[in-house]
Ligand SMILES: Nc1ncnc2c1ncn2[C@@H]1O[C@H](COP(=O)(O)OP(=O)(O)OP(=O)(O)O)[C@@H](O)[C@H]1O
């Protein structure tokens, strides 16, 4: 409803169109009934007059249907964008752990499958219900004009038809939610298998992809059929009730005509308007159930899993952070993943990183180097102990403030499906001479020269057309161009050849204003000699 309010102009226009088309279809029914009444009296002139009215009503009706379709497509698309924008804003406002609690495939399903369901069951059904209510009101009024008792019968039968479908509600709700969950599972499997293609291909296991996708698809089939059963049972019962009610009305009208209480035309009128009322009533109850089944989806999209921006605002954490002048410190820091407090990755770690110093962190694979950088970067927050920025506790800092100062280059940099310039600057303004200097420093100039449109060349999704080393150079350039003075580099040059990585690392170590924490497996003596300190994680990680 909130979205309809935001588009109230177009929504109101649609309601007017819908009500007008219901009025014209009622006029067409009245014209038919009146034509029958006058032809029985052999009044040719009046008969053709009412046929003409009928024709005009039907032409008008057709024109309004065209207008309705166009306006409805516009409204649906506008609302889709509003919902996507809202969800994207909520996702963007989460903290690191919050975002990663759900897979990207599930988010994709929210923004595609769920939107389709909202279109079909939320928007289409609401507009259909408006049309149904309008037709019921117009038809009811016309029946009452034929004879009041017809309306009384309709009212009594309506009560039965409204009460009956309640039986189906829990069944429909349950199967609807199960269906959206199955859709999410399918999208997860699709994404997982398609992303894992290279691994499966190299092990001759691509058949696994087919098997898993088929199994997930069958899971979805099963839940769609289960929902189809629930809605089919309700639909069939509603229609059955509608047909019986129509017969009751027909019999009553026949009796009224025989007693001279209503004109002959009422026989088609009662059938037409009775049919309309009961068909629309059965439709309206069905649409109402479907419409209600959208509520759990909207609740999920706006749901508790996703922290709204407003909440993040009111945490009382400092939103401003100035350049590091003294040091970054970890005091007695311990961290374990997944509440695995039995065997934490980091235990009682103490480390001081003085401003503008260059620290190299070494250690065997899996010992927790990336975890330590994750804590410094503000991504992992549920550690024990204290982390401070110039004495300010990280817990009192807004993570966004931290990210105005820190750049973090991970082991697997992400390349966006955008041009190289955007990938380097992430759309932020950068002076051309600064860009040129960084490209030279990181050794990206040859790539720019080689690409068909240079910096304007659009890179493929996640940089599949780039080498690992090129992606790493882009990620390092991104960090440098961001202007952050604290750089955290996690094996950031691992894919470069020896000479190239040496050149890049030495140039970073030579930057006087930068505070640098660099994780590396392959520590070269030339690099170690230029660093202020080389810290072996094993020496500071006091594991039990
Ligand atoms: N997201 C995660 N969930 C659960 N366990 C994790 C997660 N990330 C890392 N770990 C575990 O934490 C331990 C430390 O991982 P971490 O990536 O910090 O090590 P590392 O020293 O950086 O390793 P490498 O040199 O191989 O990159 C490993 O045993 C790893 O299995």
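Worth a mention:
- Of all residues in region 195-219 being assigned to a helix (DSSP H, G or I) and more than 28 Å from the chain's Cα centre (by Cα), the one that is farthest from residue 178 (Cα to Cα): 202
- Some residue of region 461-480 being over 40 Å from the mean Cα position of the chain (by Cα), in the same structural domain as residue 350 (by TED's automatic domain parsing) and not in a helix (DSSP H, G or I): no
- Filter result (away from the ligand (no atom under 12 Å from the Cβ) and either surrounded by fewer than 19 Cβ atoms within 10 Å (Cβ to Cβ) or not assigned by TED's automatic domain parsing to the domain that holds residue 518 (or both)) within region 352-381: 352, 354, 355, 356, 357, 381
- Residue list for region 492-516, filter: surrounded by fewer than 21 Cβ atoms within 10 Å (Cβ to Cβ) and in contact with a strand residue (DSSP E or B) (Cβ under 7 Å, 6 or more places away or on another chain): 509, 514
- The single condition among (1) outside any loop (DSSP other than H, G, I, E, B); (2) in contact with a helix residue (DSSP H, G or I) (Cβ under 9 Å, 6 or more places away or on another chain); (3) more than 9 Å from the ligand (Cβ to nearest atom); (4) within 19 Å of residue 537 (Cβ to Cβ) that residue 388 does not satisfy is (4).
- Some residue of region 28-48 being within 46 Å of the chain's Cα centre (by Cα) and in the same structural domain as residue 125 (by TED's automatic domain parsing): yes
- Residue among 163, 144, 155 that alone is out of contact with any helix residue (DSSP H, G or I) (no Cβ under 9 Å at 6 or more places or on another chain) and free of Cβ contacts under 8 Å to residues at least 24 places away in the same chain: 163
- Considering residues of region 517-544 that are more than 11 Å from residue 357 (Cβ to Cβ) and away from the ligand (no atom under 16 Å from the Cβ) only, the residue surrounded by the fewest Cβ atoms within 10 Å (Cβ to Cβ): 525
- Top-ranked residue of region 338-351 - restricted to ones that are near the ligand (Cβ under 9 Å from one of its atoms) and not in a loop (DSSP other than H, G, I, E, B), ranked as nearest to residue 323 (Cα to Cα): 346
- Residue within region 76-92 that is free of Cβ contacts under 8 Å to residues at least 60 places away in the same chain, part of a helix (DSSP H, G or I), closer than 24 Å to residue 8 by Cβ and more than 11 Å from the chain's Cα centre (by Cα) present: yes
- Of all residues in region 449-459, those satisfying the criterion of being over 11 Å from residue 419 (Cα atoms) and outside any loop (DSSP other than H, G, I, E, B) are 449, 450.
- Taking the listed residues 136, 123, 115, the one that is crowded, with 18+ Cβ neighbours inside 10 Å, without any contact (Cβ under 8 Å) to a residue 40 or more places away in the chain and under 40 Å from the mean Cα position of the chain (by Cα) is 115, with no other qualifying.
- Enumeration of residues in region 454-493 that are modelled with pLDDT under 90 and in contact with a helix residue (DSSP H, G or I) (Cβ under 7 Å, 6 or more places away or on another chain): 459, 463
- Residue 443 satisfies every condition listed in (1) surrounded by 13 or more Cβ atoms within 10 Å (Cβ to Cβ); (2) in contact (Cβ under 8 Å) with a residue 40 or more places away in the chain; (3) closer than 26 Å to residue 93 by Cα except (3).
- Counted residues, region 48-96 - those being surrounded by fewer than 12 Cβ atoms within 10 Å (Cβ to Cβ) and within 30 Å of residue 373 (Cβ to Cβ): 1
The values are calculated or read from the model by the stated rules, or taken from the named source; none is laboratory data. Predicted model, so just to flag it, every value in this text is computed and none were measured. When we count neighbours, we look across all protein chains shown, and the Cβ atoms used for this are built from the backbone with ideal geometry, even at glycine.
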